[in-house]
Amino acid sequence: MSHRFVPVGWTRSKILYDAALLGGVAAYLVAYVRLAPLLGATPLDDQSLRMRAFGSGAFLLLTLALAIGPLARLDPRFLPLLYNRRHLGVVTCLLALAHAAEVLGWHFAFSPTPGAVALLTTEPGALPFIAFGLLALCVLILLAATSHDFWLAFLGPGLWKGLHQLIYLAYAAVVAHLAFGRLQDPGALPLALLLGLAVCALLALHLIAASREARVDADIAPPAPVAPWLIAGRAAAIPEGRALVVRPPGGEKVAIFRHEGRLSAVSHLCAHQHGPLGEGQVLDGCITCPWHGYQYRLEDGRSPPPFTERIATYRLRLVGGWIWLDPRANPPGTHVPALVLP
Amino acid sequence: MGWAARPPAHLRAFLRRLALGLPLMLLGLGLILGLAPQDPAGPRFATGGAPLPSLPMPEPGVTGVLTLRPYPLLHVGEGGGMRTLLLAGDGKQRPPGDLSVLDGQRVTAEGFLLSRGDIAMLVLGAPPRALGGATPPAREALGRWRITGEICDGKCAADGMRPGIGIAHRACAALCLDGGIPAVFVSQAPLLGHAYLLLAGPDGGPMDAALRPLIGRRVTLEGRVERLGRLLIFHAEPPG
């Protein structure tokens, strides 16, 4: 959480996550650069081999990073992968930088033309694959450099999240970089198949997750007989420690939590990265975000000291076993007495 | 959850499978992509031409007749055994020194040799030394041809890089040609037994500048072809 900023707040889970990630990257590079030539791959020069291994590795990790979001929406078992996705993004950026360094040190070296000039002048014709690669690299560097809670706090969750949506632009640029470049050469069929498979799988995952989200969003809470109250649902339907997510007409979603015989309503959006608080649970007496573990008190939507995050709270009523919700959000951190269940 | 000190019990087995499965999946993908045919200049492009004669390298150097059109070339040997070496300097640069005074002269040159298929390049470390006058080898006209293939630089195509051709190598080829490395045309199908042709302009000089945007792409060009010893020279005209 946000008491103070450290380069990386290491936990046992993060160490294991990074170990699996780095082990996977090392296995990929060793298989590509060392094992495949031993097993009879066409001999390439070392620089070209590393260039391809780093570039294709960055593409695979970027695909994985983009798949984690919808996977976690569709199956909560993938949520732990979401938590440390920033490290995956930074490793992807490092692989892309290694790819660019190999290209600059081989294809753009040994020439009297400066590298920067060569980048802009050596792509004659109609297929500008270098430009797409440069665009993707610039976006990846920007996103990796801002993948820290300092930047999240500095820019605010909305702007930070908007900035990091550029990852989709980077992915499109990488696909164009490959399609207009390497895939134009003979012998690129396996890479073409992998690219097609990855893009189709990613699109399918996003479409399925978006379709499920749209179905939930279409379920708008009906008005109660007394304005401005809405009928949120049956109190008995909310399990202990969990939430009922309600969508007011034209407003942000609200999460109504049940804890020790009381109901409390807060914003569904976490103040950290707009994670789905209503899909979290009450741990240690606090609402806990499923994405990164940010916590908020039930009665006022404030993070426990020394943390300072706040989210909006809402008023509730209980009428004949039905929960009524006042959809007008209180200012973040406003104390609202919990609704005691009979 | 990821933020918990230990993952919940019901997720541990699933996360263990993921932690083992991800590296294994990446290992498999690395092998598949690494083993895939990767060099577009593989056997298909190395079929033509005669074997390179044994050259006394690097001592005491190579002796032959130097000509400058369409590029600096060194013709080694005589008659049917003559072999023409493309000349280049270090890196992506033309041969060192002012060669204009050596045109048509017998010279001795030192450097290192690159070869692939039926082209060979001598990369010079120092300007050749003149030995005296000589008669440049004769050329034989082979008529007009329409050939499909790729424009590349003679250094990378001659095994300076692997792969030394292809779209991904386009920028490198453009820099090499800008630096004065002789251009070659890598034919899709061998032409009279040759997969690599020296690419010249219609006027007998270097490749026409209008062809620069076509570097690295699969193109069909037309022009006259000449035989110079064991080397074919393709005088390609800019398309349409």
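The values are calculated or read from the model by the stated rules, or taken from the named source; none is laboratory data. For clarity, every value in this text was computed on a predicted model and none was experimentally measured. Don't worry about glycine lacking a Cβ; one is built from the backbone with ideal geometry, like all the others, and counts go over all protein chains shown.
For the reader, a short list of remarks on this structure follows.
- Output for the range A:34-52, where each listed residue is more than 7 Å from chain B (Cβ to nearest Cβ), of a type in the set (A, V, I, L, M, F, W, C) and either outside any helix (DSSP H, G or I) or crowded, with 19+ Cβ neighbours inside 10 Å (or both): A:49, A:51
- Filtering B:104, B:97, B:49, B:64 for residues that are buried (at least 19 other Cβ atoms within 10 Å of the Cβ), modelled with pLDDT of 90 or more and not assigned by TED's automatic domain parsing to the domain that holds residue B:216 leaves a single hit, B:64.
- Residue A:101 being out of contact with any Cys (no Cβ under 9 Å at 6 or more places or on another chain) and exposed (fewer than 15 other Cβ atoms within 10 Å of the Cβ): yes
Okay, residues lined up against (1) under 23 Å from residue A:290 (Cα atoms); (2) in a loop (DSSP other than H, G, I, E, B):
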{"residue": "A:142", "(1), (2)": "no, no"}
{"residue": "A:147", "(1), (2)": "yes, yes"}
{"residue": "A:151", "(1), (2)": "yes, no"}
{"residue": "A:162", "(1), (2)": "yes, no"}
{"residue": "A:175", "(1), (2)": "no, no"}
{"residue": "A:178", "(1), (2)": "no, no"}
{"residue": "A:203", "(1), (2)": "no, no"}
{"residue": "A:231", "(1), (2)": "no, no"}
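- Exclusive hit being at pLDDT below 95, part of a loop (DSSP other than H, G, I, E, B) and within 14 Å of another protein chain (Cβ to nearest Cβ), set B:149, B:164: B:164
- Residues that are touching a residue at least 60 places away in the same chain (Cβ under 8 Å), surrounded by 16 or more Cβ atoms within 10 Å (Cβ to Cβ) and not hydrophobic (A, V, I, L, M, F, W, C), drawn from the range B:107-135: B:115, B:116, B:117, B:118, B:128
- In the range A:113-146, residue nearest to residue A:170 (Cα to Cα) [restricted to those that are among the small types (Gly, Ala, Ser) and in contact with a Ser or Thr (Cβ under 9 Å, 6 or more places away or on another chain)]: A:144
- Within the range A:192-226, the residues that satisfy the criterion of being in contact with a strand residue (DSSP E or B) (Cβ under 7 Å, 6 or more places away or on another chain) and at pLDDT 90 or above are A:222, A:223, A:224.
- The residue that is surrounded by the fewest Cβ atoms within 10 Å (Cβ to Cβ), among those in the range A:118-136 that are of a type in the set (A, V, I, L, M, F, W, C) and within 10 Å of chain B (Cβ to nearest Cβ), is A:126.
- Remark: pairs (first residue in the range B:9-20, facing another protein chain (nearest Cβ under 10 Å) and closer than 12 Å to residue A:13 by Cα; second residue among the small types (Gly, Ala, Ser) and assigned to a helix (DSSP H, G or I); Cβ separation under 6 Å; 6+ apart in sequence or on different chains) = B:19/A:20.
- With respect to the stated conditions, residue A:331 is at pLDDT 95 or above, assigned by TED's automatic domain parsing to the domain that holds residue A:260 and part of a loop (DSSP other than H, G, I, E, B).
- Test for residue B:136: is it in contact with a Ser or Thr (Cβ under 6 Å, 6 or more places away or on another chain), more than 30 Å from residue A:41 (Cβ to Cβ) and part of a loop (DSSP other than H, G, I, E, B): yes
- Flag if residue A:321 is surrounded by 18 or more Cβ atoms within 10 Å (Cβ to Cβ) and in the same structural domain as residue A:333 (by TED's automatic domain parsing): no
- Failed criterion for residue A:58 (all others in (1) within 9 Å of chain B (Cβ to nearest Cβ); (2) touching a helix residue (DSSP H, G or I) at 6+ places or on another chain (Cβ under 9 Å); (3) more than 24 Å from residue A:153 (Cα to Cα) hold): (1)
- Only residues that are more than 18 Å from the chain's Cα centre (by Cα) and touching a residue at least 12 places away in the same chain (Cβ under 8 Å) were counted across the range B:79-97, and they come to 4.
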